[in-house]
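One structure below.
The values are calculated or read from the model by the stated rules, or taken from the named source; none is laboratory data. Note that the structure is a prediction, hence the values are computed from the model and not measured. Using ideal geometry, Cβ is built from the backbone for each residue, glycine included, and neighbour counts are taken over all protein chains shown.
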Amino acid sequence: MLGIFNKIKNALKKTIEDQDNTVSDAGEKVLISDSLDKNIDYIKRVFDRCSDVVVREFKIPAKEAIDASLIYIDGMVDDDLVAESILRSLQLNPAIINDDKVNKSNAFTMVKERLLSIGEIKTVRDMDSLVEHVLSGQAALLIDGSAQAIISSVRKLESRTVDEPQTEPIVRGPRDGFVENLRTNVTLVRRRIKSPRLKVEIIKIGRITQTDVAVLYIDGLADGEIVKEVKERLGRIEIDGVLASGYLEEFIEDYPNSIFPQVNVSERPDRLCSCLLEGRVGIIVDNTPICLLVPATFPQFLQSPEDYYNRFPYASFTRILRFGAMHIALLLPSVYIAVLTFHQEMLPTPLLISIAGQREGVPFPAFLEALMMELVFEILREAGVRLPRPIGQAVSIVGALVIGQAAVSAGLVSSAMVMVVSLTAIASFTIPTISGSYAIRILRFPIMILAASFGLFGIMVGLMAILIHVCSMRSFGVPYIAPFAPFSFSDFKDNIIRMPWWAMINRPSFIGVKDKQRQKLNQMPGPSQDKSNPGGGESGAGKGKG
Amino acid sequence: MLEKGKVSSRQGILLLPFTFVVSTAVLIAPAITAKAAGRDGWISILLVGTVYGLLTAFVIIKLWQRFPDKTIIEYSQIIAGPFGKIIGAMYVIWFIHINSVVVREFGDFILTSFMPETPLIAFIVILLFLGSWAAKSGLEVICRANEFIFPLFALSVVGISIFALQEAEFSYLLPIMENGIKPILRGSWAPMAWRGEIIVASMLLPYINNPDKAGKHLVYSVILIGVVLTMATVFTTVVIGELTQYLTFPFFELARCITIGRFIERMEALVLVMWVAGVTIKVATFFYVASLGLGQLFGLSDYRSVVLPIGLILGVWSLELFENSILSIQWLAEIFPLYAFVFELGIPSALLIIAAATKKGGQGRSG
């Protein structure tokens, strides 16, 4: 990790050298000199043509006035704080005005220890880290006569307020979502996990953008190997810029060519926290409201955080529903094609007659009909997402009414086909994660082709191929379709169904958590066993086992 | 070792043999058994088949205890010396041959039952593609895929049997043992050969990560196979009756009989699902053990390089093996049992006796 820091620094240095070769010798740090003029000269050269950098020169009014200079970027710092806590306390502080004990040699310690009223300060000795800090929104104070700079944390970044997540709405549960600001996002997590075991490690990625990337995990829960692996894979990335978490996702996957998503993404802090508590690792990238969660397992893509907030029968019901809907989204058009093309005998006769009647005037084979309609739907969907919201509504009306209805009455498609396509579409909307639904939507097409050529046999072959593929996948060492295979009975408590919280005693075993138990045994509630009322029953007895 | 992955004994020894034996046996064995044993076929499968299966399991386990980290290809070279290589080569050829028979059975079934106009080679190529992909991915992947489909597979067999209940006429089973024990013994030839396919486990045992349970699991597997096959035979007998022996795929016909509430009928799709899933696993397993065996025989550093050549041999062999499906069933009923017996029980028992006599290999763990 240190290696990458040095590389970044060297790269930074090179860009500076390109502008002026006399600035430094290659490969060595440029130290801050004790002459303020020289320093300012250097800084002005580095920030040449950067109109947003402010270099405020002023004097500390001791008996013998001392020159000082404050460097910061306009708009990234809190103006009030700079005025109040730095400029005012240095210039108008009665304690030092005309004080003859203050001179060039002790001014630095004096300022640092007694005058600055800022929470977090740091001293640096070389120019590169000074520049780095200034660029990340801190103010650097240089004082004539000392070869050091004080970095004060006065960052104030403009940011959207914490808002309801747009991509993962839920009915019951917290409504705050991540924003673009990394600090705010980390705070949202820290507020939920008030433990020093929550570790937040910052890595800088991006040669030019210098983006902060936070790796979050709970010490003692997350498998050390996985944490190490995550940091290693992040550290290997050398790219000029990271603008969103999606850039990193493609760099840290195990199977880059697979159609299945191998990193779970979310903009919900509660989802991140529940994953951290299961022993997973979270990655938050500055300037992105979407965090990454690894290792990812396939069942996760069918789960919504709401499953844990609703009572367990309701949650289990919706999970089974979603599981079924996923299969509908993947298979329904293919099964329709296969049955109409190859296996008409499988339909009950009345149904077959009704479908055949509708298809009377349709000029296309079932496969072409289905392919056309599915493509039209995907186009409509994409159009709906890209258009501004008011127009998006219009598109869906055009799509649903005009194309659907008109196509049927024009005899281009059968109404059964329209039903199949719309059911498929609706089913695909139940998949709660975006990347999960993309995989299913794309896989639908090859399976349709297989169904058109080999009927049910083709569909089954497609499914077996998918199965072999997902079985061979691992995400950061965790089998991708755990707990289906390798099968684990205790992990099935939180899979297709969700058992009540008091019954989910252990954390998922496949992530490699050492501290397996997450709660006390035998917490199944029941009416209190009042001694004065011996008819209380046996409901207090839990059924959990160690 | 050529295979670096490790699987649990439940995955590799309990569930995998179940799938690769039942997947083909459930469709074909009832008819072959019924030809000889008539309505008593289920006794052949339940009793004689299971005893034979247990015997095979016993020999495999005893041999494995002497050579816990070796496959049959490897320890036959230690036990039989110079003849070991020949035995190993015979096993590899046997695996490939059995696999090509399975591939052919599969193609014939799809061809006759679902798509009579598609050329056979299409099914064979597709199946071999899936099988070689799985074999290349390794034992872990085959076991995991099998673990995933196992519930579907078992549920389809049980489900078809239960749905067929309303058509059942249990008096078809009577009288039991009308002609004495001889027809039953004769009928048990074919099911025995299928049950003995668990010899494949001798190629998998070294890669089990909890060996202390493996012996127990192999026995469970044999018993489970017996129960499920018996159920399938009993239901084909009680629903289809005497006709069973004239059908090629009686279990498939059983699924065709199902009608529930005049709406759910003709569940052969379920059979198709089960069949494709199960046979893919079976072909992948045999494919894998053949490649692994060949790799061990020639001391290759990676068995994956021989997967493709073996696939080509398999494709050609299965196409040219039989002229038509009638001949293949005849082969399965008459020649396969004896042929299989040599490899399933004959050679392993001989190896065990020689090993015990010459005191080769460790005495192994108890149990």
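Quick notes on this one:
- Some residue of region A:179-194 being at pLDDT 90 or above and more than 21 Å from the chain's Cα centre (by Cα): no
- Region B:147-169, residues that are under 16 Å from B:V26 (Cα atoms), more than 14 Å from chain A (Cβ to nearest Cβ) and hydrophobic (A, V, I, L, M, F, W, C): B:L155, B:V157, B:V158, B:I160, B:I162, B:A164
One line per residue, one yes/no per condition, for (1) crowded, with 18+ Cβ neighbours inside 10 Å; (2) within 21 Å of A:K199 (Cβ to Cβ):
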residue	(1), (2)
A:P269	yes, yes
A:L276	yes, yes
A:R280	yes, yes
A:S304	yes, no
A:R322	yes, no
A:V335	yes, no
A:S354	no, no
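- Region B:111-159, residues that are of a type in the set (S, T, Y) and part of a helix (DSSP H, G or I): B:T112, B:S113, B:S132, B:S137, B:S156
- Residue match in region B:309-329 (condition: in contact with a Phe, Trp or Tyr (Cβ under 8 Å, 6 or more places away or on another chain), part of a helix (DSSP H, G or I) and β-branched (V, I, T)): yes
- Considering region A:485-519, the residues that are surrounded by 21 or more Cβ atoms within 10 Å (Cβ to Cβ) and away from chain B (no Cβ under 14 Å) include one that is nearest to A:R319 (Cα to Cα), namely A:R498.
- From the options A:L423, A:L463, residue that is facing chain B (nearest Cβ under 9 Å) and either over 27 Å from A:E267 (Cβ atoms) or small (G, A, S) (or both): A:L463
- Within region A:255-267, being crowded, with 19+ Cβ neighbours inside 10 Å, closer than 16 Å to A:P479 by Cα and not β-branched (V, I, T) holds for A:F260, A:P261, A:Q262, A:N264.
- Condition met for B:A269 (within 30 Å of A:L331 (Cα to Cα), without any contact (Cβ under 8 Å) to a residue 12 or more places away in the chain and assigned to a helix (DSSP H, G or I)): yes
- Residues (within 13 Å of B:A57 (Cβ to Cβ) and aliphatic (A, V, I, L, M)) located in region B:205-221: B:L205, B:A214, B:L218, B:V219
- Being at pLDDT 90 or above, buried (at least 19 other Cβ atoms within 10 Å of the Cβ), in contact with an Asp or Glu (Cβ under 9 Å, 6 or more places away or on another chain) and of a type in the set (S, T, Y) holds for only one residue in A:T433, A:T424, and it is A:T424.
- Flag for B:L205 being closer than 30 Å to A:V478 by Cα and more than 14 Å from chain A (Cβ to nearest Cβ): yes
- Any hit, region B:104-117, residues being at pLDDT 90 or above and more than 13 Å from chain A (Cβ to nearest Cβ): yes
- Note on region B:51-78: residues that are over 19 Å from the mean Cα position of the chain (by Cα), surrounded by fewer than 23 Cβ atoms within 10 Å (Cβ to Cβ) and not in a loop (DSSP other than H, G, I, E, B) total 6.
- Test set (1) within 14 Å of chain B (Cβ to nearest Cβ); (2) among the aliphatic types (A, V, I, L, M); (3) part of a helix (DSSP H, G or I); (4) within 25 Å of A:I320 (Cα to Cα) - A:I481 fails condition number: (3)
- Residue in region B:125-141 that is nearest to the other protein chains (Cβ to nearest Cβ), counting only those that are surrounded by fewer than 21 Cβ atoms within 10 Å (Cβ to Cβ) and among the hydrophobic types (A, V, I, L, M, F, W, C): B:W133
- Flag for B:V222 being at pLDDT 90 or above, surrounded by 16 or more Cβ atoms within 10 Å (Cβ to Cβ) and more than 14 Å from chain A (Cβ to nearest Cβ): yes
- Members of region A:312-368 found to be hydrophobic (A, V, I, L, M, F, W, C) and not in a helix (DSSP H, G or I), listed by number: A:F342, A:L347, A:V362, A:F364
- Residue check, B:S301 more than 13 Å from chain A (Cβ to nearest Cβ), outside any helix (DSSP H, G or I) and small (G, A, S): yes
- Every condition in (1) under 25 Å from A:P169 (Cβ atoms); (2) of a type outside the set (F, W, Y); (3) surrounded by fewer than 24 Cβ atoms within 10 Å (Cβ to Cβ); (4) in contact with a Leu (Cβ under 7 Å, 6 or more places away or on another chain) holds for A:D212 except the one numbered (1).
- Residue check: A:I391 meets all listed conditions (1) part of a helix (DSSP H, G or I); (2) buried (at least 18 other Cβ atoms within 10 Å of the Cβ) but one, namely (2).
- Among residues that are in the same structural domain as A:S146 (by TED's automatic domain parsing), among the hydroxyl-bearing types (S, T, Y) and loosely packed, with under 12 Cβ neighbours inside 10 Å, A:S85 is not included.
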